[in-house]
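Presented below is the structure to which this report refers.
Where a number appears in this text, it was derived from the coordinates with a stated rule and is not lab data. What you are looking at is a predicted structure, and each value in this text was computed from that prediction instead of being measured. Here the Cβ positions follow ideal geometry from the backbone for every residue, glycine too, while neighbour counts run over all protein chains shown.
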Amino acid sequence: MSDYVKMWEDLGMDLETHDQLCQVLPTAFGDVYLSQENRPEGMGFWDFVVSEIHGIRPSELIEAQKNGQKVFGTFCVYVPDEVVIAANGIVTGLCGGSQFWVPGGEKVLPKNTCPLIKASVGARLDRTCPFFRIADMYVGETTCDGKKKAYEILAEDVPVHVMDMPQMKRAEDYDKWAHEIELFAGVVEEQTGNKVTPEKLAEAIKIINNKRKALKRVYDARKADKLPISGKDALLMMQIAFFDDPVRCAEMCNKLADELDQRIADGVSVFPEGTKRILLTGTPLAIPNWKLHHIIETSGAAVVCEEMCTGTRYFENLVDETQTTLEGQYKALADRYMKNNCACFTPNEGRIDDIIRLAKEYKADGVIDVNLKFCSIYDTEGFFVERALKEAGIPVLGIETDYTDSDAEQLKTRIEAFIEMLG
Amino acid sequence: MHYIGIDIGSTSAKTAVLDENKNILEVFAQPTGWSSIDTAESIGKNLREKGFAPEECKVVSTGYGRVAVPFSDKTVTEITCHAKGASLIFGLEDLLVVDIGGQDTKVILIENGFVKDFVMNDKCSAGTGRFLEVMANTLAMRPDELCTLAKSGGNTSISSLCTVFAESEVISLIGRGEKKENIAFGVVDSIIKKVAIQANRLPAGSKQAVLTGGLCECDYICEALSRELKTEVITDKNARFAGAIGAALCGM
Ligand code: SF4
Ligand code: SF4
């Protein structure tokens, strides 16, 4: 990644500290990813992106900014990319998934904040991630308490627009979200200097729907009895989807899906027959958080699906493409986004139904409910998740963890024991 | 053919030898020490002296040091092993196993001889043998002495769940002149309450509860646990070898 030093310097990054990250990432990636056998060839694209993670896409974004485009950084799958794209803006995910950034966040946040928030704030304040430097504006949402307050801290350092998210799913909440999306469109118009027109928005809706369809194709391939791709590889594709250009993302995912379909036809699998199938559910796994997938897939099981924001919640449900007025389109967007089932909502029974449905669709032998430490909403909701799964006769293991490796051995024991329990 | 099970835990390593009819021929324990590899070597030597050469037997290892046994044929987690071992020891297919280990505490629900569900406390030393050990040290006693003494005490509670804070609580109780048996009672009570909270997460119904692991040799622990769980908890002289016995069974 050495040719990017000048760019990082111009971004005002802390090069010395950033260097440490650049040094450990390739080793971690090699251990977790490149050690796998018989990976789909299509993964070459994502391997390449990771090898240049802080260089290639950031330099594209900077080029775009030079041509007058604006970059919006987001932290939640409720924030509608379509609106930004309609105004010729660019969206990039900003969630931090590494312990590397956590101490930086702890300088200003309480210790008992979830690691995702700590890492995200740390990445910004410590100036060690180019994406956090590049974004012209951050888009927050009133989801969990930790994020809500963290946005106030970030707003002292970078422009932040916060969307007021409903906490329930009544008819008036859908209307409210449509209205919030409209307000957001106004903010985006002001930032970019471009109007959001029905034609532009219709086009953007198609672009993002296509990306969703492509991601879903790869996930659908994981329903096969003979798994053509590891959970780790699918997760990587998913994590990078938050950062990449949506059209290219769809193209690459479709290519990968073609290859996977061929593998299924040829009976090629990356796991031995009889490997236990695990559905993961819970809090998001932001890049480069590969910890659980790695433990599970080196303990004799395979991850077949993630009911997570870095998973099915990102691509399930499409936006209605038939609307021709902005009003209709905002409503269509709200309808689609409100179908996401995040623990921020009360009640959130839809998520339980999703988990049981996905466990069946992906033929999971067991479910692991994983929560980031100090995420009280998902942790509390775990009570219902685990009860419902037990009632449905699906074995479930609840796990709480953070970004450190200190609990890796204990987790391995628990997960191995769970897999043994599956028979 | 003989079947050897080796359970390398955090404080002690347990070994069991079974014949093909599941008769327990031999059990022995030794401290784990600093290196699991040295421990494994000394177990190998012990086995040979007793006439069970590992290379002629089927060897399964378990426990946190399970991968450190060079002569083992396979590794299985302590959850599965404890479940199998307890089933054999108590002759039951349906039971609730409470294992208070040196560093972690596990509760395992077994139905029809298979693990149905389990909970593990491995993040915190409260409610484990380690907690007891530290407190016994502070009181200048052996852990088993502390447990026995606890029976005659009462009316004292240790409120801190953190071992380090609990230790200073014990020290201030000593300073206040509180009777040793009362402090001992408070220590055991704290462990038992913590274990009971964990056990109550699993729906045991009318299943027999059994105690395994290092603390099972002390009658009072069983008594206190029975009181807290409101059901009779039984144990057995071989119960501390449940993991090793289960490991041997996994080789069959
Ligand atoms: S878990 Fe909830 S708050 Fe977090 S990204 Fe997903 S939808 Fe947003
Ligand atoms: S994991 Fe939980 S606490 Fe962390 S940002 Fe997401 S919702 Fe908030």
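Can you give the alpha-carbon Rg of the protein assembly as shown over 2.2 N^0.38 Å, where N counts its residues?
1.07
Give me the Debye-computed log₁₀ of I(q)/I(0) at q = 0.14, 0.20, 0.21 Å⁻¹ for the stretch A:1-143, equal point scatterers on Cα only, no solvent, two decimals.
Debye curve over Cα of the stretch A:1-143, log10 I(q)/I(0) at q = 0.14, 0.20, 0.21 Å⁻¹: -0.76, -1.34, -1.39.
Of all alpha-carbon pairs in the stretch B:59-127, indicate the percentage at a distance above 21 angstrom.
More than 21 Å apart: 30 percent of the Cα pairs in the stretch B:59-127.
Just B:Ala83, B:Ala16, B:Ala136 to compare: in a GNM of chain B, with alpha carbon springs under 10 Å, which one fluctuates most?
Its mean-square fluctuation being the largest, the pick is B:Ala136.
Select from A:Tyr4, A:Ile278, A:Gln69 the residue farthest towards the positive end of the dipole of chain A; place +1 on Cβ of Lys and Arg, -1 on Cβ of Asp and Glu, and compute about the Cα centre.
Going by the charge dipole, the pick is A:Ile278.
With an 8 Å cut-off on Cα pairs and a minimum separation of 6 or more residues, tell me the relative contact order of chain A in percent.
Normalised by residue count, the contact order of chain A is 17 percent.
Which of the GluC sites (Glu not before Pro) found in the stretch A:28-67 are in a DSSP loop and have at most 11 neighbouring Cβ atoms, other than their own, within 10 Å?
Counting only loop positions with at most 11 other Cβ atoms within 10 Å, the GluC sites (Glu not before Pro) in the stretch A:28-67 are A:Glu37.
Can you give the angle from 0 to 90° between the axis of helix B:78-90 and the longest principal axis of chain B, with both taken from C-alpha atoms, to the nearest 10?
The angle comes out near 90 degrees.
Count the net charge of all other residues whose Cβ sits under 11 Å from the Cβ of A:Leu236, scoring Lys and Arg as +1 and Asp and Glu as -1.
0
Just tell me which lysines come within less than 22 Å, Cα to Cα, of A:Lys111; anything on the same chain fewer than 8 places away is out.
Those lysines meeting the cut-off are A:Lys147, A:Lys148, A:Lys149, A:Lys291, A:Lys373, B:Lys123.
Please report, in whole Å, how far the alpha carbons of chain B spread along each principal axis, starting with the longest.
Here the Cα extents, ordered largest to smallest, are 59, 40, 28 Å.
Tell me the trypsin sites (Lys or Arg not before Pro) within the stretch A:104-172 that lie in a loop according to DSSP and have at most 16 other beta-carbon atoms within 10 Å.
Hits after loop and neighbour filter: A:Lys107, A:Lys111, A:Arg170.
Taking amide H positions as placed 1.01 Å from N in the peptide plane, with prolines and chain starts having none, which residues 5 or more places from A:Glu141, or on another chain, fall under 5 Å of its amide H?
A:Met163
What dipole magnitude, in Debye to the nearest 20, does the stretch B:120-233 give about its Cα centre under +1 on Lys/Arg Cβ and -1 on Asp/Glu Cβ?
Magnitude of the dipole: close to 320 debye.
For chain A, with only Lys/Arg (+1) and Asp/Glu (-1) charged at the beta-carbon, what is the dipole magnitude about the Cα centre, in debye rounded to 20?
Dipole about the Cα centre, nearest 20: 480 debye.
Through the Karplus equation 6.51 cos²θ - 1.76 cosθ + 1.60, θ set to phi - 60°, convert the phi angles of the stretch A:4-20 into ³J(HN,Hα) values in whole Hz; use x for Gly and Pro.
Residue by residue, the stretch A:4-20 yields 9, 4, 4, 4, 4, 5, 4, 7, x, 7, 7, 5, 4, 5, 4, 4, 4 Hz.
Which aspartates and glutamates have a Cα lying under 14 Å from the Cα of A:Lys232, excluding residues fewer than 8 positions away in the same chain?
A:Asp31, A:Glu37, A:Asp47, A:Glu297, A:Glu306
Name the long-range amide H neighbours of A:Thr92: under 5 Å, sequence gap of 5 or more, or other chain; modelled H, no Pro or chain starts.
So A:Thr92 has HN proximity to A:Phe72, A:Gly73, A:Thr74.
Taking the Cβ of A:Trp290 as the centre, find all other residues whose Cβ is under 10 Å away and add up their charges (Lys, Arg: +1; Asp, Glu: -1).
Here the count lands on 0.
I'd like the isolated cysteines in chain B, meaning no second cysteine's beta-carbon lies under 4.7 angstrom from theirs.
B:Cys57, B:Cys81, B:Cys124, B:Cys162, B:Cys216, B:Cys222, B:Cys250
Show the residues, 5+ positions off or on another chain, whose built amide H is closer than 5 Å to the amide H of B:Glu26.
B:Val17
To one decimal place, what Kirkwood hydrodynamic radius in Å is obtained for the stretch B:116-227 from all pairs of distinct Cα atoms?
Radius from the Kirkwood sum: 14.4 Å.
Output the peptides B:181-190, A:247-256 sorted from most to least packed, where packing is the average of other Cβ atoms within 10 Å over each peptide's residues.
Order by mean packing, descending: B:181-190, A:247-256.
In chain B, what % of DSSP beta bridges are antiparallel (nearest 5)?
Within chain B, antiparallel bridges account for around 65 percent of the total.
Could you compute the net charge surrounding B:Ser160? Neighbours are other residues with a C-beta less than 10 Å from the C-beta of B:Ser160; K and R count +1, D and E count -1.
With Lys, Arg at +1 and Asp, Glu at -1, the neighbours total -2.
Starting at the first residue of the stretch B:188-200, write each ³J(HN,Hα) from the Karplus equation 6.51 cos²θ - 1.76 cosθ + 1.60 with θ = phi - 60°, in whole Hz, x for Gly and Pro.
For the stretch B:188-200, the Karplus-derived couplings read 5, 4, 4, 5, 4, 4, 5, 5, 5, 4, 5, 5, 5 Hz, x marking Gly and Pro.
Please list 3J(HN,Hα) in residue order for the stretch A:253-263, calculated via the Karplus relation 6.51 cos²θ - 1.76 cosθ + 1.60 where θ = phi - 60°; whole Hz, with x for glycine and proline.
5, 5, 4, 4, 4, 4, 4, 5, 4, 5, 4
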